[in-house]
Amino acid sequence: MNRKLIRLSEQFLIMSGLQVFVLNYVKTSVVPSFFLVWLLILTWEGNREIALVLAVVTGLFYDVISRGVPGVSGVIFLVVVYASCFLKTNSIPGRVAGAFGFSLFYFLAFMFERDRGFLWGTPALFKYSLLFALYNALILLAIELGMRKLRWKKKEYLSI
Amino acid sequence: MLWRFRREILFVFGLYLCFLAINRGRVRERGFRQDEGYSEEQKINYEDLIAENKRLREILDIKADRNYLKRFAVAEVISIKPFVFPAELIIDKGDRDGLKENMAVLSKDLFLIGRISLTRETSSTVVTVFNSKSRVSVVVENTREIGVLVGGGVPYVSLKYIPADSAVQKGDKVLTSGYSDFYPRGIEIGEVVKVEKDPDSLFLNVAVKPYGCFTGIYEVLAGE
């Protein structure tokens, strides 16, 4: 249990570092959400309850570092994690497609205001939501490939 | 029984916590700031204070130079949405400080950011030129042609109703025209970055890069 907690804390720190870095130093029109990708991977790896708790924590933290209204990202992360619990997939294409779809939902939900509709116009919203989803899907792909390679190496080593 | 619905319980509890955080944020916007529980070291971040002091001094110098700015209040930006090409800001001044809906909001470099769309007791919501609901009556400095700057596009906003035979070109400055009820005349917004002719239209497609709406907004000037 302690080991798992330490591993999760390490992962949280790495994701926070990457998120702060891209928010402040990467000068692109949209930046990927490392937290969202991490939460999706945690859910699909079977840590559903932990991912639900972390969705609130990382959402609040994300709003603080991106100067948003605290709680808004938490709600969307929570909905995404809860919905992703029902997507049971182990294949890389399935997970990449899932990450793409959930990222698209996150972006559109984030840009929506109850009384005022979407904050950007439709063409900009369409372009940047796709770009955001693509970035996240690529990050998830890289992490999945890395994780599977590591697991394969570990198995081979143990079999010897 | 409860264990079976653990995920749903966590989901509902999480939502409750997030809404609590959102409400707390709104309470902060209304001015009831709670800073108990922090040590003095945590309260004072000297580097931030020095940077803030420098920015405020710059604003004061600018205000002293220009008479019309004396009516403007200096406000701090509490939140930005979204982080890039912000469409909405929340500032820490409201009704109590004399701010009213539709007042103009400028950056510390005196570029137009947008206008106040909603005021509360001690905070206000600002709609920036990137917002899909934003419309600003503008004039191109070189040609003196009047158009409407329409929000919703990023990273550039579009300038509508510039005639197809116009001499407008890349690099031309775009200023507020003063014909709308919201913005004083002559406030710089940005520059023309793209001019395209549309054979099916009587008007040009003009893209404008606004200078005032970027993530480094910490203090703004609001007034009329």
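The values are calculated or read from the model by the stated rules, or taken from the named source; none is laboratory data. Quantities reported herein were computed from a predicted structural model and do not represent experimental measurements. Note: ideal-geometry Cβ built from the backbone for every residue, glycine included; neighbour counts use all protein chains shown.
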Q | Hits in the stretch A:58-85 (condition: within 13 Å of the chain's Cα centre (by Cα), among the β-branched types (Val, Ile, Thr) and either within 10 Å of chain B (Cβ to nearest Cβ) or closer than 21 Å to residue B:154 by Cβ (or both)) | A | A:76, A:79, A:81
Q | Subset of the stretch B:125-146 [away from chain A (no Cβ under 14 Å) and either under 22 Å from residue B:78 (Cα atoms) or acidic (Asp, Glu) (or both)] | A | B:141, B:145
Q. Does residue B:133 count as surrounded by 16 or more Cβ atoms within 10 Å (Cβ to Cβ), more than 16 Å from residue B:92 (Cα to Cα), within 15 Å of the chain's Cα centre (by Cα) and of a type in the set (Lys, Arg)?
A. yes
Q | Index of the failed condition, residue A:47 passing every other in (1) of a type in the set (S, T, N, Q); (2) within 20 Å of residue B:18 (Cα to Cα); (3) more than 11 Å from chain B (Cβ to nearest Cβ) | A | (2)
**Q.** One residue from A:34, A:77, A:100 being closer than 16 Å to residue B:10 by Cα and among the aromatic types (Phe, Trp, Tyr)
**A.** A:77
Q.
Can you list residue pairs whose Cβ atoms sit under 6 Å apart, with the first residue in the stretch B:63-76 being farther than 13 Å from residue B:98 by Cα and the second being assigned to a strand (DSSP E or B) and at pLDDT 70 or above? Count only pairs 6 or more apart in sequence or on different chains.
A. B:76/B:219
Q. Of the numbered conditions (1) more than 10 Å from chain B (Cβ to nearest Cβ); (2) surrounded by 12 or more Cβ atoms within 10 Å (Cβ to Cβ); (3) within 19 Å of residue A:141 (Cβ to Cβ), residue A:93 satisfies every one except a single condition; which is it?
A. (2)
Q) Taking the stretch B:108-140 as the region of interest, how many residues are acidic (Asp, Glu) and modelled with pLDDT of 90 or more? A) 0
Q: Could you identify the single residue in B:149, B:106, B:118, B:159 that is among the hydrophobic types (A, V, I, L, M, F, W, C), buried (at least 21 other Cβ atoms within 10 Å of the Cβ) and either within 14 Å of chain A (Cβ to nearest Cβ) or under 23 Å from residue A:112 (Cβ atoms) (or both)?
A: B:149
Q | Answer residue from the stretch B:191-223, given it is among the acidic types (Asp, Glu) and more than 15 Å from the chain's Cα centre (by Cα) and is farthest from residue B:78 (Cα to Cα) among those | A | B:200
**Q.** Test: residue A:52 is at the interface with chain B (Cβ under 8 Å from one of its Cβ atoms), crowded, with 19+ Cβ neighbours inside 10 Å and in contact with an Asp or Glu (Cβ under 9 Å, 6 or more places away or on another chain)
**A.** no
